[in-house]
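To keep things clear, I will list the structure first and then write my remarks on it.
The values are calculated or read from the model by the stated rules, or taken from the named source; none is laboratory data. Remember, it's a predicted structure, so these values are computed and weren't measured experimentally. No Cβ is skipped: glycine too gets one built from the backbone with ideal geometry, and neighbour counts run over all protein chains shown. In case anyone asks, the SASA skips ligands and DNA or RNA and just uses the protein heavy atoms, side chains included. Shrake-Rupley method; radii C 1.70, N 1.55, O 1.52, S 1.80 Å.
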Amino acid sequence: MHEVALASSLLQLVLDNARQQGARSVRRVVVAIGTLSHVEPRALAQAFTSASMGTLAGEAELAIEEPPGSAWCFDCGDTVPLAKLGDDCPRCGGGKLVVNGGDEMRLKALEVL
Ligand SMILES: [Zn+2]
């Protein structure tokens with residue numbers, strides 16, 4: 001259940017941003033959670049909703065984008081799609097992969113009033 005800890009750091013980030021903009025309330029929060037990030041989007045959304053109660057972001061709509069995983073394959077010399085960590089290259093079956101996308105969690109946009 002590390003989503004609870006993530007939700008509270010996300011909330012902190014959102015509130016810091018909102019205060020810097022002199023916001024009265026947060027309307028909408030857009031986060032990207034890569035499919036390789038080991039974060040369960042629904043669990044994060046629930047944790048965020050309960051953590052934000054009574055704060056500037058208490059009424060905020062949370063939109064979650066899920067960018068797909070990708071990795072650099074040394075054998076193909078190219079970026080290939082990666083469904084989950086530990087998978088071999090879907091193109092050549094090789095195992096020399098370095099994840100280069102889809103493992104991030106970040107705040108993409110914030111709409112405030
Ligand atoms: Zn490959």
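Estimated from the Cβ-Cβ distance and a Förster radius of 25 angstrom, the FRET efficiency linking residue 28 and residue 100 is about 0.30. Element breakdown for the chain at a 1.4 angstrom probe: carbon and sulfur atoms account for 51% of the accessible area.
Using the heavy atoms of the protein chains alone and a 1.4 angstrom probe, what is the accessible area of segment 3-112 per residue in square angstrom?
Values: 6210 Å² over 110 residues.
On a per-residue basis, 56 Å².
Mind giving me the FRET efficiency for residue 43 and residue 87? R0 is 22 Å, r the Cβ-Cβ distance, nearest 0.05 is fine. Computed FRET efficiency for residue 43 and residue 87 comes out at 0.45. Of the peptides 23-35, 82-94, the order by per-residue mean of other Cβ atoms within 10 Å, starting with the highest, comes out as 23-35, 82-94.
Assuming R0 = 22 Å, what is the FRET efficiency of residue 20 and residue 63, from their Cβ-Cβ distance, to the nearest 0.05? Intermediate results must be reported in sequence, preceding the final value.
Details: r = 21 Å, r/R0 = 0.95.
Plugging the Cβ-Cβ distance into 1/(1 + (r/R0)^6) gives 0.60.
Averaging the sequence gap over all C-alpha pairs within less than 8 Å and six or more residues apart, then dividing by the number of residues, gives the chain a relative contact order of 36 percent. Our coupling estimate for segment 3-19, obtained by passing each phi through the Karplus curve with A = 6.51, B = -1.76, C = 1.60 and θ = phi - 60°, is 4, 5, 5, 5, 4, 6, 6, 4, 4, 4, 4, 4, 5, 4, 4, 5, 5 Hz, Gly and Pro reported as x.
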